[in-house]
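The values are calculated or read from the model by the stated rules, or taken from the named source; none is laboratory data. Since we're looking at a predicted model, the values are computed, not measured. A quick note on method: Cβ atoms are made from the backbone with ideal geometry, for glycine too, and the neighbour counts reach across all protein chains shown. Heavy atoms of the whole protein, side chains included, go into the accessibility calculation; ligands, DNA and RNA do not. Shrake-Rupley method; radii C 1.70, N 1.55, O 1.52, S 1.80 Å.
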Amino acid sequence: MSARALSLLCALSLSACAMVGEEWRRPSAEPPVRWSQPALNPPGPAAPSDEAAALDFWRNWDDPTLLALIERALAHNRDLRLAAARVQEARALAGEARAQALPQVDAVASVARDRASGNDRMPLGALANPVRQYRQGFDASWEVDLFGRLARQREAAAAQAEASEFSRDAMAL
């Protein structure tokens, strides 16, 4: 093999080690300074700045009948329960994607006992009857993420979990 072909082969193999895709960044979207519609919250105490508390904006109205109706609707909403189950599923899949980057370990052990019949055509003679066989095994593996496949799977699973949480929150709202 010539030096030119060898250097071309080395260059091609090194170019294959590049990360697949570019690093994802959240796009910046600045909301307008002033909205064209009036605010939904009535005048009174300031709305909470926490995103989770912002979902419960109706609590600022201090209406016990409204609060009871909303709590009852949220407690008996099957679609909301399904959305919560999807959030749990997405979180579990994100955990599974993170676990794929860890070493995998597998161990197995077994014992088998076998007895040959005395009426067999070929008697065992010097071998013990019954016969016991012991087996054990151990396996460990780890995938090196050269091309970024596992990293992209983790990013996608985390984004899917976040999207399912937003979907659940939007459904509750």
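Report the local net charge at Ala92: Lys and Arg +1, Asp and Glu -1, summed over other residues whose C-beta lies under 12 Å from its C-beta.
Value of the local net charge: +1.
In the stretch 59-160, carbon and sulfur make up what percent of the accessible area (probe 1.4 Å)?
On the stretch 59-160, the fraction of accessible area on carbon and sulfur atoms equals 54 percent.
What net charge do the residues around Tyr134 carry, taking every other residue with its C-beta under 13 Å from that of Tyr134, with Lys and Arg at +1 and Asp and Glu at -1?
+2
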